[in-house]
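Worksheet: one structure, shown below.
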Amino acid sequence: MRYNVILFVTASLWLPSFAFATVGGPQNIEVLGLDQADQKVYLMRHYLDGRGRLPQLYYYQLNRTQTNSKQSPVKLIEVKSLYINPKTKRIDYDQNSQKFDREIAKIKKRLKPLTPIRASSAKIQILSKKTVYVASWFDPEIKVPQFSYTYRIRYGKYKSPVQKAVDYKTGLSISQRYQIPQHNKVLMTMKYLGIPFETGYSIEDPVLLSP
């Protein structure tokens, strides 16, 4: 009996620590490709943490109608229709992935891959950087630096709109580079340590560049 009590207490102490240590994870961008007919570039954000939620699907509408004479940036559009739970009729990111996976497979069939850019001549232009100290996730008494950036990416004749990122350690780096076929645009992803929990996890953000 005493052995069982010791085993139970030991397991009780160990299990919460194990669960707590596997909560976080990075957020990665998967570039799916170009739908030439609809003039859309699709991509997905994967949440690689303990929650196991469905990845978020986005697209850029490349042939959007301009509302004024000055060209406005192409916005990243979040898809919501694929996440409606058939039972509740509400958006549910934690439902079974089978239906979602089938819909993504249909989309992928009509997409053309983007052209990887191997040159490393793209530059990150830091427009502003603000440093503040915030409570750490493991001890509120300990303060850690938080860096807030505004920036843009330049690549030859291309440049992005002004972007924002909050980083906790490593600074900003370009992780993926693509030319969009038959369009005068470039898609890149910016990577930084944007999740400060546990050992820290990276975030990737898509950035569209135009002439």
- prompt: Can you tell me which residue in the stretch 54-70 is nearest to Leu111 (Cα to Cα), limited to those that are surrounded by fewer than 17 Cβ atoms within 10 Å (Cβ to Cβ) and either at pLDDT below 95 or in contact with a helix residue (DSSP H, G or I) (Cβ under 6 Å, 6 or more places away or on another chain) (or both)?
  reply: Asn63
- line: Of the listed residues (Asn96, Asn63), the one being without any contact (Cβ under 8 Å) to a residue 24 or more places away in the chain and of a type outside the set (Gly, Ala, Ser) is Asn96
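For residues in the stretch 163-172 being within 30 Å of Asp35 (Cβ to Cβ) and in contact (Cβ under 8 Å) with a residue 24 or more places away in the chain, which is least open to solvent (accessible area, probe 1.4 Å)? Step through it out loud before you land on a result.
First, the residues of the stretch 163-172 that are within 30 Å of Asp35 (Cβ to Cβ): 163-165, 172.
In the following step, the residues that additionally are in contact (Cβ under 8 Å) with a residue 24 or more places away in the chain were identified as 163, 165, 172.
Values: Gln163: 41, Ala165: 5, Leu172: 31 Å².
Applying the filter and picking the extreme gives Ala165.
Can you confirm whether Lys191 is free of Cβ contacts under 8 Å to residues at least 60 places away in the same chain, open to solvent by 20 Å² or more (accessible area, probe 1.4 Å), in a strand (DSSP E or B) and within 18 Å of Leu43 (Cβ to Cβ)? Spell out the reasoning first.
Working: free of Cβ contacts under 8 Å to residues at least 60 places away in the same chain: yes; open to solvent by 20 Å² or more (accessible area, probe 1.4 Å): yes; in a strand (DSSP E or B): yes; within 18 Å of Leu43 (Cβ to Cβ): yes.
So Lys191 fits the description; yes.
For the stretch 12-34, name all the residues that are closer than 30 Å to Leu114 by Cβ and either surrounded by fewer than 17 Cβ atoms within 10 Å (Cβ to Cβ) or modelled with pLDDT under 75 (or both).
First pass over the stretch 12-34, keeping only residues closer than 30 Å to Leu114 by Cβ: 24-34.
Passing the criteria: only Glu30.
How many of the residues making up the stretch 137-162 are exposed (fewer than 14 other Cβ atoms within 10 Å of the Cβ), closer than 22 Å to Arg118 by Cβ and hydroxyl-bearing (Ser, Thr, Tyr)?
At the first step, the residues of the stretch 137-162 found to be exposed (fewer than 14 other Cβ atoms within 10 Å of the Cβ) are 138-143, 145, 148, 156-157, 162.
Of the ones still in play, those that are also closer than 22 Å to Arg118 by Cβ are 156-157.
Filter again for hydroxyl-bearing (Ser, Thr, Tyr), leaving none.
Number satisfying all stated conditions: 0.
Mind checking which residues of the stretch 118-131 are modelled with pLDDT of 90 or more and either of a type in the set (D, E, K, R) or surrounded by 10 or more Cβ atoms within 10 Å (Cβ to Cβ) (or both)? Walk me through it before giving the result.
Kept after step one, since they are modelled with pLDDT of 90 or more, are these residues of the stretch 118-131: 122-131.
If the condition is that a residue be modelled with pLDDT of 90 or more and either of a type in the set (D, E, K, R) or surrounded by 10 or more Cβ atoms within 10 Å (Cβ to Cβ) (or both), then Ala122, Lys123, Ile124, Gln125, Ile126, Leu127, Ser128, Lys129, Lys130 are the ones that fit.
Report whether or not Ile104 is under 19 Å from the mean Cα position of the chain (by Cα) and open to solvent by less than 30 Å² (accessible area, probe 1.4 Å).
Numbers: under 19 Å from the mean Cα position of the chain (by Cα): yes; open to solvent by less than 30 Å² (accessible area, probe 1.4 Å): yes.
Yes.
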message: Within the stretch 101-123, does at least one residue satisfy the condition of being touching a residue at least 12 places away in the same chain (Cβ under 8 Å), part of a helix (DSSP H, G or I) and in contact with a helix residue (DSSP H, G or I) (Cβ under 6 Å, 6 or more places away or on another chain)?
response: yes
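The values are calculated or read from the model by the stated rules, or taken from the named source; none is laboratory data. The model shown is predicted, which means the values in this text are computed figures rather than measured ones. In this analysis, Cβ positions are derived from the backbone assuming ideal geometry, glycine residues included, and neighbour counts consider all displayed protein chains. Accessible surface is based on the protein model in full, side chains and every heavy atom, while ligands, DNA and RNA are left aside. Shrake-Rupley method; radii C 1.70, N 1.55, O 1.52, S 1.80 Å.
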